[in-house]
1. Could you work out the relative contact order of the chain? I mean the mean sequence separation of Cα pairs under 8 Å and 6+ apart, divided by the number of residues, in percent.
2. When the Karplus curve 6.51 cos²θ - 1.76 cosθ + 1.60 is applied with θ = phi - 60°, which whole-Hz ³J(HN,Hα) does each residue of region 78-90 get, with x for Gly and Pro?
3. Report the charge-dipole magnitude of the chain in Debye, nearest 20, computed about the Cα centre from +1 at each Lys and Arg Cβ and -1 at each Asp and Glu Cβ.
4. How large is log10 of I(q)/I(0) for the chain at q = 0.16, 0.21, 0.22 Å⁻¹ when the intensity is taken from the Debye formula with one equal scatterer per alpha-carbon?
Amino acid sequence: MPREADADTAPGAPAHDPGWRFGGVLLGLMVELWRRGAVRTPAGLDPVWAAQLEEVREHLAGEPVPLEVIYVFVACWARLYGAVAVEVFGHLDFALTDPGPLFEHTVDEILTALGDPAR
């Protein structure tokens, strides 16, 4: 069942186009890493995910990008966004007085998922 986006980024909403421009910058970086062979992709995707990720691929111009690369992008974005959100909104205060090391660990795990392109 589809749900409304919290950030009001649904097609036609005021934040839709700016959201795609921002996401496009990050996705463009992911595509460049993929072209350089620095993105580790899963062997296959659940067909339900593939159908949804196809909509993202439609926004890309140029060479076709494998859905597995788009999946890695979405998975990394969700992890990074989640790590930032729980820190910014204080949702780790119950357990951590300094969430910085957890954030750094999360970024290290994302870099590992990307084939460690920064190192």
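We did not get these values from a lab; they are worked out from the coordinates using the rules stated. As the structure is a prediction and not an experimental result, all values here were calculated from the model. Positions of Cβ are generated from backbone atoms using ideal geometry, with glycine treated the same way; all protein chains shown enter the neighbour counts.
1. 26
2. These are the phi-based 3J(HN,Hα) values: 4, 5, 5, 4, x, 5, 5, 4, 5, 6, 4, 8, x Hz.
3. Charge dipole, the chain, about its Cα centre: 360 debye, nearest 20.
4. With no solvent term, the Cα-only Debye profile gives -0.92, -1.30, -1.34.
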